[in-house]
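Before any comments, here is the structure.
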Amino acid sequence: QVQLVESGGGLAQTGDSLTLSCAASVRTFSNYVMGWFRQTPGKEREFVAAISGSIAATHYADSVKGRFTLSRDNAKKTVVLQMNSLKPEDTALYYCAARYGSALNIATGVYAYWGQGIQVTVSA
């Protein structure tokens, strides 16, 4: 069983930066691809970014590419999503997710483990 706990987030203004962290309770963290997704009311959960386990390859949604950076520390079993140049459209509930394996994937259905979510609100 993998447990994920998100931290960070909160309120920001347009152009500000925020950092989201996700801590995992898992035996071999490097065996898991870690992802971030976000969801707003009435919309489906959407992919934000993912990072592979051992080589830390990354993939980003076009909407955040160049503004968000995802990194991981396998020793600390954490991933960090650095969000810069925030926009009001980044406002959402952000979820950390994990899937066993090495292939980066943007589909929510392949991630077996999810955090409870953390709110990010960006005002204009």
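What's the extension gain from Arg67 to Leu11 if we count 0.36 nm per residue and subtract their Cα-Cα distance?
18.4 nm
Heavy atoms only, probe 1.4 Å: what % of the accessible area of the range 1-113 goes to carbon and sulfur, would you let me know?
Values: 2800 of 5730 Å².
Roughly 49 percent of what the probe reaches on the range 1-113 is carbon or sulfur.
Using a 1.4 angstrom probe, figure out how much accessible area the chain has per residue, in square angstrom, rounded to the nearest whole.
Value for the chain: 51 Å² per residue.
At 7 Å along the Cα-to-beta-carbon direction for both Ser102 and Gln82, put a label point, then send me their distance in nm to one decimal.
Taking the simple label geometry, Ser102 and Gln82 are separated by 2.7 nm.
Could you go through the range 21-35 in sequence order and give the Karplus-derived ³J(HN,Hα) for each residue, using 6.51 cos²θ - 1.76 cosθ + 1.60 with θ = phi - 60°, rounded to whole Hz, and x for Gly and Pro?
Residue by residue, the range 21-35 yields 10, 9, 9, 10, 9, 8, 5, 10, 4, 5, 7, 10, 7, 10, x Hz.
The values are calculated or read from the model by the stated rules, or taken from the named source; none is laboratory data. Predicted, not measured: the structure shown is a model, and the values here were computed from it. A quick note on method: Cβ atoms are made from the backbone with ideal geometry, for glycine too, and the neighbour counts reach across all protein chains shown. Surface areas here come from the heavy atoms of the whole protein model, side chains and all, with no ligands, DNA or RNA. Shrake-Rupley method; radii C 1.70, N 1.55, O 1.52, S 1.80 Å.
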